[in-house]
Every structure is written in structure tokens, then in C-alpha cells.
Amino acid sequence: MRVLPLMLLVGCMPGPNAETMIDDLRIVGAVAEPPEVTPEDSVSLDVHVADAQQLQPELLVWTCTRQGSTCAERAVPLSSRLWEAELVDGLATLQLPAQTALAAVAGPQPLPVEVWTIACEPGVCSVFDAVRAAEPDEAVIAEQLEDPSALLDGVDFEQAALAVKRVLVSTRPAEERVQNPLLEVLDFREGEAEGATEIRVSVESSTEVQLYGYATMGGFGRPTFDVVVGETPLEYYADEEQDGELFVVAVGADGGSAVWRGTLPE
Amino acid sequence: MLPWLLPTLVSTALAGSPVSGEVSVLGDADVAGLAVRLVGDGSEVGAFTDEEGRFELSDVEDGPYMLIVTGAGVYSAVLDVVVDGPLDPIEVTVEAADDVEQEFVVIGQRTPPEITERVLDIKDIQVLPGTNGDAVRAVQNLPGIGRPPLNIGQLLIRGTAPEDSAYYIDGARIPLVFHFAGFSTVINSDSLVEVAFLPGNYGVRYGRTQGGVVDLRTNRQLPDESRGYVSVDLFQATAFVEQRLSPKTSLSISGRRSWVDAVLNPVLKGATGGGIQAPRYYDLQTRLLHKSSALGTFDAFLVVSDDRFRFVGPTEEGEEEETQIGLSTNFQKLRLAHSVGIGRWRAETSMIGGPEVQSFALAPNGNAYERRTQFGVRHEWTNESSGYVTWRLGADAQVTRFDFLYDVPSISTKEEGVVWTVAPAFYVEPTLEVEWVKIIPGLRVDSFWQDSGYTAMPVDPRLAVVYNDGGATSVKTSVGRYSQFPLERQVLDNGEGNPELSPSWSLQTSVGVVQKLGPDASIELTRFDSMLRNQVVGREDAFRFYTGPPEFGPLDTGAYSNEGTGYVQGFEALFKYNDEKTTAWVAGTFSRLTRTKRYGTERELFRYDQPIVLTAVGSRTFPKNWRLGARVRFGSGNPYTEVANRFADLDSRQFVPVFGPIDEARLPAFFSLDMRVDKTWEFRKWDLSLYVDLQNATNRANPEVMAWSYDYEQEEPITSIPVLPAFGLKGAW
């Protein structure tokens, strides 16, 4: 239980932060390249999934241009806005087609299109059965996709993961559109705190960027890190017994993102 | 609900008896306007003589009394009188005296009691365990009040939300009654003589609210002698001085400041690098009381209150500190009151005015405030004659300038404006006494005008009937309508508000029995019901200042409308015992509160539904100025909405909860034991008092508000404070 810490806060203690530790199924990041497109452009989408319990989940991705409680895509065939993707080593790569239907409403002001991803332990989420049916009822499925949280009805926390990422659609010139930050892990060093490893990363971006660290074993010292010009050190505490997978996510203030995943070197 | 209005119990015994008589004066002194008091054991009634020296006192219960006649220019006269049914007229003779100082006697110091009010004497409140000697916190131990989360001082009265109840000083409305987190009331309890709690079905004197009323009643007696004290306790330091300036005038000054921030802030700064700063508050009251035999009583009361809480951090440049999150409330109110007896009538006029401000800041660019400058006036006539009918006639009005800004981009869209409102009201309430029955119909007409063009004029009829058998048993029943206007922002025609809103209202009924069990004890049982209609719902995503923990769960983001309804059904029980050494009571409230938000939606439990609230509290004095007290509380936990699952917003990097059925889960039950010991040392010219109030003595971790881990996977309720040895030291002269 957590006692109200109204006046009794204590400073942070060294060691892995619980918010960075992944022990279940989690969609860690979804990187759209480019993050902002015109209605005539397609988008490459990388979905990064952490599968700490080895559930080998199945994956669905769909788009929704929100109009109140409904999606503008309700009128288009499911095949042009809903995809089942295969995870390979925790990564699924998709090519989202051009959103030509948005040409009528796109303008210089970026329009956010929601890209939803659901990863489920096989056999748990009924939407997969509905999509795979010999004659799927597209109207019913389209209605379900408009309220994604309802897809989790009756599903336990550890059996599924649901996430949303927004891709921007506009008619702005290319030089004005949002770009993803460039994220590179430079090296690994022994950290100042006991048991810590310092992961040094560099970030290039035209806007302010925040870094997030996650791990399936051990954890990072803080949930977020402010980017330092040049090299930014991230403090990571490895598990003493097992190696895990690490993720570093860079999120730009304008909506761009980048993900690095890997393991500590031997 | 209507069958409850029909009395099923009828007592044919008599009400209290009238006592009348005539005063004559030996010598040259005016026989009119002399004060005649019947002082009994724990009770007092009084009246003034008319031009011919006659007086009449009504509703006097059987028993022994002292009849005391006093006044300007006469020596006092005292007689022993035993009332045992109606008496023959009493003849009293007083002697004129040129050298007698004018003596001012307050007759009917208390506002004529409401049928449903429960009154706590300040002397008894200040030593109750678990309340830090605070008057309004003591009220929370009475039946009809739900237990607020985190003990922060919200008043949850008979199933209504905190914002539906109102607070008054002697019938003049004040904006806030508690400092931050409910540490203490903004009014020093030593300025008060009693606290009246009216859970519902009160008379027409109070309006513009559909919930309950807490009326802090100040002491209108001139002090016999000057006095003062300085005290320090776990949370604050207080100084109080009351000085008799002349036979007719007194002045009191009281100041209080929290000191916990002065102690903790250096500690917190070291631990958190700036971070949270402990809240701080202060209040100041000044009161001038003047009594004139010809012109009546003049009372000027100034109240200043200021609360502040901040979370600080470095600026973007990393050098200076700036407020990351800040919350403050402050108000200054001046209350002027005048009362005078004119024949058989008493006229009371009070005015209260001053600014009140709430503000909120959230770095980097969030800013919100509500500034009200309000002026209120009440003028009321009551007559104290004992005939078949007594009257209360009055008018009260409020004029308000409301200036608001809600500009917190991370929470909601910007709203701002300045509006003026005028809200006059008129009320009339005759009391008809026919032998053993007292019938009190009343009518209150409120009106509301806002410069945006919005107007409303609800009419609230009310009725109370009391049967009394002249001794131990009283039966009371009442019904009434209570209207409450929408908030100013809710009726603006700016795309955010709805100028078509009507006032919300409640139809309240109650029936109860009060049975005296000897001179020191009584038991009271009350059944109450309330039907709420036209409740304003919608726009729960809009920024607002909360009185307690904000709601958590799916929000109604639709436009404001009057679609909300509610039902309250309940039962209250109160056993009281009070003698010279002991004050104790056992209170129980059993209720069910449900609401519907929109047409066609299912009825849900109200977020403050607490089916069972039990409180037992007692305090007793022992030899050598020792006093011991204890309080035991048990209550149902509040409903809450479970989180069924969650999804990740990869752009904001936050988890978003997916809610289960609204308010279907319930926190575990609440239990707490508080114990208090007081010791006073009496010296020649001053007293020293020490108390230790061990709160939550069993150190039970009561879940108060549900919270979750960052990913909503684990429930991590916020619990009440652990065992807390609150202490206080007071030096008084």
C-alpha cells in the first residue's frame, strides 16, 4: 500500500526504477517513417514488442482518423486499414498504404491518424477470430475497432497489450514536416553507481527530445532522461542472473520517435 | 415518500407552559425594556417587559428556575420559581437605582433554533479526541455526515456533494470553512459559542443550497473580564486576546499560523532538492462588539484567511526556482451586524463582504483562478411574543463580481470571463402553536440574475410540524424544497456553458423522534429521504477547483444539462449524554445514495455512498483537572471504479486506464480509535494546559482513495495517516 506522501517524500535511491522494468507483454514503441506524410504517401511502420513471458503473441494493426467516437475509415474496406502482422524477434514491420481518402480534409495543419496495435496471447482476443473468419462481418469489426479498449474485455493484463501511435497527415512542404530523431547507441561503460552500466547515446533532432529506457531484465535508473548535447548517459542496472533485452525510445516534442533495442555486450 | 409526511405517532400531552407576569418599579425608573430571564439547569428563556411592565415567556418546561429581572437604572431582582404547568401571573418589584451601571443582558442570544438543527457547545467540542479542538471537525462526528476521504474536512451531508452544502457565520454565508487538507477551521473556535449543524429540512432562513448547513455562531456576550491565551500544537501556533474596553464594548483579536512548513521545509528541501514545500496557512480575526440599551447591539467581525501550497523546481535554465505546481486560497470578509429589540419584535441586520480568491499554477504555462468579490446583506424581523403565532420575516441578497480564468492546456481548453450576479431572496415563516402542536410553514423565494442574461426564480415552500408531550418525547416531521443555482460559468452563452440550465433542487422529508432519558441523556431517531432533480451534469473534463480528491473514472464530457437525478434514503440515530463532567454521544448513519447522470442511463451508487457510519465519542473530567476522552469510528469504504485493463499512448508515453463498471467496487471498511488526555495546571493569574491526542491509535492503514501503479496493473490505495500523537500546549490568562 502507498501512504499519502504529502510531506514525507524521500530522495531517489540508486537501483533500477520499477517503471522501466518489463515483466509482461508490452508494445514498447511504434516508429512511423516518415512520421508526417501527405495523403499520397505510404508509411513504413516498425512495431517493437517486448515479450518477457514468451507468449509469442499475435498482432493486429489498424488505422483510425478520429471523428468523435467513430473513425473516418468506417466507410473503407477493412483490407485497406487493418493488417495482421507477424512478429520476428519482437519486431513487426508493415507498409501502410497512402491515406488518399484523407486528401479532401488534409491541409497545412497536420491531421493526426491513430495507428492502433494489439498484441495478444494466441487464442485470447476474440477480434482475431472475427478478422480471420471465412466471411468476416466488416461492419461489426469496424465498429469494434472504433473502441479499441473494448477489445480487452475479459482479457487479463498480462495476456494482451494495446497501444496507439499517431501519424500526421498534411499538405505541408517536406521541409516543414515532422522528422524522426536520429538515435544511436555509442558505447557502454561502467557506471558511477554500484552495479550500474552507463549506456551512452547520441540524439540528433531539430526539436526537444526525451529518452525512455526499458528492459526485460533489470532496469534503468530513471524512467526518463533529458537529452544532453553530444552524448547522453543512461544508467542501467543489469539483473545479476539473467540477461535481458534493452530498449531506448527517443520521443520528439513534435511527435517523431526512434527506438533502439539490443542487449548488453558480453 | 409522501406517507412519511403523515404523523403516525400523535402525542396529546402539552407543550411547555407559558410564564407571564408584571414588573413594577419602586422609584423613578423606566419599567419598559427590562430583561426578564428564567434560568434553569442548562436552559434559559427570556423576554423584555413592555411599556406597562408586562412580560410573557412561552414554552417553559417544568422544573425549578431563577427568575431574574435586570435592566438599566434598577437593582436586579431574583425569585425562585417552580414551573409545574401553567402558572398564575408573577408579580415582581424592582427598586430604582441611580448608581446602577447599565447592564446588558442578551436575551435570545441564539437564533431561534431550527427544528432539525443539532448544536454543539464550544466548551464541549474543544476537548473532543481526534478533532484538534476544532469546531467544525467535531461536527463530523454527528449523524447525517459521511466520512470524508483522507479526513480532509469535506462535509458530506445526507448524500449531497461537498459543494452542495453551505457555511455561515451567524447566518451570513462564508466561502470556505477549512484550511487546506482540513487541518483546522478558518474561524478560531474561541470566537464561537456554538456550532449548529443542520443536515436538512431547515427553515427558510437558509437558501441557495440543496445540501446541509453549518452555521458558526459567535459569542454575542460581552466578556465578564479580559482574557487571552497563546497555544502551540502539532500544526499551528495561535494567539487570542479578548479585552473589555468599556461596560458596553469589547474587542477581540485572534491570529493563527501553521508552523509545520517552517519546520519541514528545510528538511524537505534537503531530501527532495526543492520539491514539495509543506502547506502553510494563517488566519486573523478581529471583532468589535458594542451594546447600547437604546440602539441595540453592534457587531463588526473581520476574518482574513490565507492558504498556500507549492511544489517548486528549477527553471529551464536550471538556476532559479519557480513554482511547478501551486495552489492557494484566500479571503477577507468583513461582517457588520446590528440587532435591536423594538417592542415585541427583534430586528437583525447583517452585511458581509469582501474578496475571495482561489488560484492554481502548473508550470510551464498553466494558470487558473477564481476571484469573487461578494457583498451580502440580510434583514430579518422576528417577534418573541408567546401568542399563537410568531413570525420570521426576512430578506437577503448577494451581489457578486466573479472573475475567472481556466487556462491549463494540459487539462482543458481555455475559459475566462467576468460576470456580475445579483441574487435577492425573500422569506416568511410563521410559527403556529396550538397547545401541543407547533406548525411551521415557510416560503422562500429566491431569484438570480446574471449579466449574461440568465435569470431564475425558484420558489421553495417548506413545512415542519412538531408534537411535544410536555416532557420527554417530541415527534418532528418536515418536508421542503431546496433550490441551488448553477455556477456562473455553467450558464454563460459562450459555447462552453448552457444558458438554458434551471436551478437544481431537492425535495427533502424527514420524520424523527426525540426521547429524553432523564436530565442528562436523550436519544433521537430520524428517517430522512431526499429526491434530487435537475442536477447539473456534464463537462467533467473542464478544469475546476476540487474540494477533495478529484474523481477518477470515465468522465461525462457532454454539454452541461439538467439531466441528473438522485435519491437519498437514510436513517440516523443519536444517543447523547451530557452532565457536568461528561460529554458523550453515539451516532449512527445508515443510508443509500444513488444518482443517474443522463436520461436513459442506469442508476449508480453516488461516489460518496457510505451505507454505515458509526461514531462513538466521549470525554470526561477527573479530579485535579485531568480529562480523558476517546473516539471510535467505523464506516463503509467509498465506492470506486476499478481499472479493468489499460493501453499505452506511445506519443505521451503514458498508460491510459480502461475502466470497469462505474463505482461498483468499494474500498475496505474504515476503523479508527483516537484517545486524548488533557491536564490543566492552575496558577494564580494564569492556567497552563497540555493535551496529547493520539489519533489512529491502532495504527490501522485505512484505504482512503484508490490509486494505481504507473501501469494500472496494481491497486495501490492511498491510506490514512498512521498513528499520530498530536499534542498541544496552551497558556491562558
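The values are calculated or read from the model by the stated rules, or taken from the named source; none is laboratory data. Small disclaimer: the values here were computed from a predicted structure and weren't measured. Ideal geometry is used to build each Cβ from the backbone, glycine not excepted, and the neighbour counts take in all protein chains shown.
Within the option set A:Val259, A:Val203, being of a type in the set (A, V, I, L, M) and touching a His at 6+ places or on another chain (Cβ under 7 Å) holds for one residue only, A:Val259.
Those residues that are among the charged types (D, E, K, R) and either under 30 Å from B:Ser483 (Cα atoms) or at pLDDT 90 or above (or both), I need them from segment B:213-239; list them, please.
B:Asp215, B:Arg217, B:Arg227 - these are the residues of segment B:213-239 that are among the charged types (D, E, K, R) and either under 30 Å from B:Ser483 (Cα atoms) or at pLDDT 90 or above (or both).
Where strands (runs of 3 or more DSSP E) fall entirely within segment A:156-239, those with at least 2 residues that are more than 14 Å from chain B (Cβ to nearest Cβ) and touching a Pro at 6+ places or on another chain (Cβ under 9 Å) are at A:182-190, A:196-204, A:232-237.
Evaluating B:Gly637 against the criteria (1) modelled with pLDDT under 95; (2) surrounded by 19 or more Cβ atoms within 10 Å (Cβ to Cβ); (3) in contact with a helix residue (DSSP H, G or I) (Cβ under 8 Å, 6 or more places away or on another chain) leaves one unmet condition, (3). Among the residues of segment B:679-706, those identified as within 14 Å of chain A (Cβ to nearest Cβ) and in a loop (DSSP other than H, G, I, E, B) are B:Asn696, B:Asn699, B:Arg700, B:Ala701, B:Asn702, B:Met706. Restricting attention to segment B:496-529, the residues being of a type in the set (S, T, N, Q) and in contact with a helix residue (DSSP H, G or I) (Cβ under 6 Å, 6 or more places away or on another chain) number 1. Considering (1) over 26 Å from B:Ile721 (Cα atoms); (2) outside any strand (DSSP E or B), the lone condition that B:Thr160 does not fulfil carries the number (1).
Picking from residues in segment B:507-536 that are surrounded by 21 or more Cβ atoms within 10 Å (Cβ to Cβ) and of a type in the set (A, V, I, L, M), the one that is farthest from B:Ser412 (Cα to Cα) is B:Val511.
The numbered conditions (1) of a type outside the set (Phe, Trp, Tyr); (2) away from chain B (no Cβ under 11 Å); (3) surrounded by fewer than 20 Cβ atoms within 10 Å (Cβ to Cβ); (4) in contact (Cβ under 8 Å) with a residue 24 or more places away in the chain are all true for A:Gln54 except (4). Of the strands (runs of 3 or more DSSP E) lying entirely inside segment A:64-134, those containing at least 2 residues that are in contact with a helix residue (DSSP H, G or I) (Cβ under 9 Å, 6 or more places away or on another chain), under 26 Å from A:Val28 (Cβ atoms) and touching a residue at least 24 places away in the same chain (Cβ under 8 Å) are A:82-85, A:111-120.
Restricting B:Pro162, B:Pro112, B:Pro149 to residues that are at pLDDT below 85 and farther than 22 Å from B:Asn696 by Cβ narrows the list to B:Pro112. Inspection of segment B:617-626 identifies no residue that is in contact with a Gly (Cβ under 7 Å, 6 or more places away or on another chain), crowded, with 20+ Cβ neighbours inside 10 Å and within 14 Å of another protein chain (Cβ to nearest Cβ). So B:Val136 passes all but one of these: (1) of a type outside the set (Phe, Trp, Tyr); (2) under 18 Å from the mean Cα position of the chain (by Cα); (3) under 27 Å from B:Asn468 (Cβ atoms); (4) at pLDDT 75 or above. Which condition number does it fail? Here B:Val136 meets the rest and fails (3). Report, by residue number, each residue of segment B:286-310 that is crowded, with 22+ Cβ neighbours inside 10 Å, within 20 Å of the chain's Cα centre (by Cα) and closer than 20 Å to B:Thr249 by Cα. Result: B:Phe301, B:Val303. Among the conditions (1) modelled with pLDDT of 90 or more; (2) under 27 Å from the mean Cα position of the chain (by Cα), the only one that B:Leu245 does not satisfy is (2).
The sole residue among B:Asn201, B:Asn219 that is buried (at least 18 other Cβ atoms within 10 Å of the Cβ), of a type in the set (S, T, N, Q) and within 30 Å of B:Thr509 (Cα to Cα) is B:Asn201. Evaluated against (1) buried (at least 20 other Cβ atoms within 10 Å of the Cβ); (2) more than 14 Å from chain A (Cβ to nearest Cβ), B:Arg646 falls short on exactly one condition, (2).
Would a scan of segment B:373-381 turn up a residue that is within 20 Å of B:Arg173 (Cα to Cα) and of a type in the set (Phe, Trp, Tyr)? Within segment B:373-381 (the criterion being within 20 Å of B:Arg173 (Cα to Cα) and of a type in the set (Phe, Trp, Tyr)), the answer is yes, since at least one residue qualifies. Applying the criterion of being β-branched (Val, Ile, Thr) and part of a loop (DSSP other than H, G, I, E, B) to the residues of segment B:13-66, the residue that is modelled with the lowest pLDDT is B:Val31. None of B:Val377, B:Val408, B:Val418, B:Val422 is surrounded by 16 or more Cβ atoms within 10 Å (Cβ to Cβ), β-branched (Val, Ile, Thr) and at pLDDT 90 or above except B:Val377. If you filter segment A:32-46 down to residues that are in a strand (DSSP E or B) and in contact with a Leu (Cβ under 7 Å, 6 or more places away or on another chain), you find that the one that is farthest from the other protein chains (Cβ to nearest Cβ) is A:Val43. Only residues that are within 14 Å of another protein chain (Cβ to nearest Cβ) and within 30 Å of B:Arg700 (Cβ to Cβ) were counted in segment B:649-666, giving 4. Being surrounded by 16 or more Cβ atoms within 10 Å (Cβ to Cβ) and touching a Lys or Arg at 6+ places or on another chain (Cβ under 8 Å) is the requirement here; does A:Arg200 meet it? The answer is yes for A:Arg200. Can you give me the number of residues within segment A:240-266 that are away from chain B (no Cβ under 14 Å) and not in a strand (DSSP E or B)? The number of residues fulfilling the criteria is 10. Under the condition of being out of contact with any helix residue (DSSP H, G or I) (no Cβ under 9 Å at 6 or more places or on another chain) and hydroxyl-bearing (Ser, Thr, Tyr), the residues counted in segment B:435-478 number 5.
Of everything in segment B:707-733, what is assigned to a loop (DSSP other than H, G, I, E, B) and more than 14 Å from chain A (Cβ to nearest Cβ)? Give them in sequence order. Selection gives B:Trp733 alone.
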